[in-house]
Amino acid sequence: MNYEGSAVDKPMLETERLVLRPVSADEVGSLHRISNEPNVRLYLWDDEPVSEATIKGLIAQSDRMFSKEKIGLFGVRLRGREDLLGFCGFVCLQGMDSPELCYELTQKMWGGGIATEASRACLRYAFEEVGMERVIAVADVPNTTSLRVIERLGMRHLGNINPSAPDEPYYAMYREDFFAATVTG
């Protein structure tokens, strides 16, 4: 994975197939459309319609996080293409002490390993460039596709740690485990 960027500008991550750049205000329309695909919003948005205002708020939160903590949400694209496939990166949920890895992809891109590849790039960035010690992730129990991504990433089951969502199982990746897996994997 290549990393381009500095503390002054926003980071760009590259993998074999993907380019990830921080989401921006000009992507509201694309993210709004993707977020409202019925199977996309089923788990990520609790099957509720997603407003443009919600997407604008998500992008604004990501901008603040990049400015303050050097992490946020990256727009995901295939190399050489400009169409947005979704996002991958980090959000900070109220009441949680660790940033949460999250991702959203248009359904037409499901099943090709894009979520896993983008998530690995974000984890590498978080541990190598930002120096984070732990990243958490969650998936609704019926969301077996996201649970498989979390398993492929090698995240450990933590249990139900969010008092706001007591039925949701959380997982964690620790810095030392990520680097150990990178060396042996």
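The values are calculated or read from the model by the stated rules, or taken from the named source; none is laboratory data. Only a predicted model underlies this, so the values are computations on that prediction, with no experimental measurement involved. Note that we place each Cβ from the backbone using ideal geometry, even for glycine, and neighbour counts take in every protein chain shown. Heavy atoms of the whole protein, side chains included, go into the accessibility calculation; ligands, DNA and RNA do not. Shrake-Rupley method; radii C 1.70, N 1.55, O 1.52, S 1.80 Å.
Summary of computed values
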{"read-out": "Test result for Ser98, assigned to a loop (DSSP other than H, G, I, E, B) and among the hydroxyl-bearing types (Ser, Thr, Tyr)", "value": "yes"}
{"read-out": "Segment 67-82, subset in a loop (DSSP other than H, G, I, E, B) and touching a residue at least 12 places away in the same chain (Cβ under 8 Å), residue surrounded by the most Cβ atoms within 10 Å (Cβ to Cβ)", "value": "Gly72"}
{"read-out": "Contacts under 6 angstrom Cβ, first residue in segment 12-27 being among the acidic types (Asp, Glu), partner assigned to a loop (DSSP other than H, G, I, E, B), 6 or more apart", "value": "Glu27/Leu84"}
{"read-out": "Of all residues in segment 99-117 being open to solvent by less than 30 Å² (accessible area, probe 1.4 Å) and of a type in the set (Asp, Glu), the one that is modelled with the lowest pLDDT", "value": "Glu100"}
{"read-out": "Residues satisfying the stated conditions in segment 1-57, i.e. in a strand (DSSP E or B), more than 17 Å from the chain's Cα centre (by Cα) and at pLDDT 95 or above", "value": "none"}
{"read-out": "Complete set of residues in segment 13-56 that are touching a Gly at 6+ places or on another chain (Cβ under 6 Å) and aliphatic (A, V, I, L, M)", "value": "Val23, Ile34"}
{"read-out": "Residue within segment 121-129 that is under 11 Å from the mean Cα position of the chain (by Cα) and modelled with pLDDT under 95 present", "value": "no"}
{"read-out": "Any hit, segment 45-52, residues being open to solvent by less than 40 Å² (accessible area, probe 1.4 Å) and within 23 Å of Pro99 (Cα to Cα)", "value": "yes"}
{"read-out": "The listed residue being in contact (Cβ under 8 Å) with a residue 40 or more places away in the chain, within 25 Å of Asn36 (Cα to Cα), charged (D, E, K, R) and part of a helix (DSSP H, G or I), out of Glu104, Glu129, Glu117", "value": "Glu117"}
{"read-out": "Matching residues, segment 152-180, being over 15 Å from the mean Cα position of the chain (by Cα), surrounded by 14 or more Cβ atoms within 10 Å (Cβ to Cβ) and outside any loop (DSSP other than H, G, I, E, B)", "value": "Leu158, Tyr174, Arg175, Asp177, Phe178"}
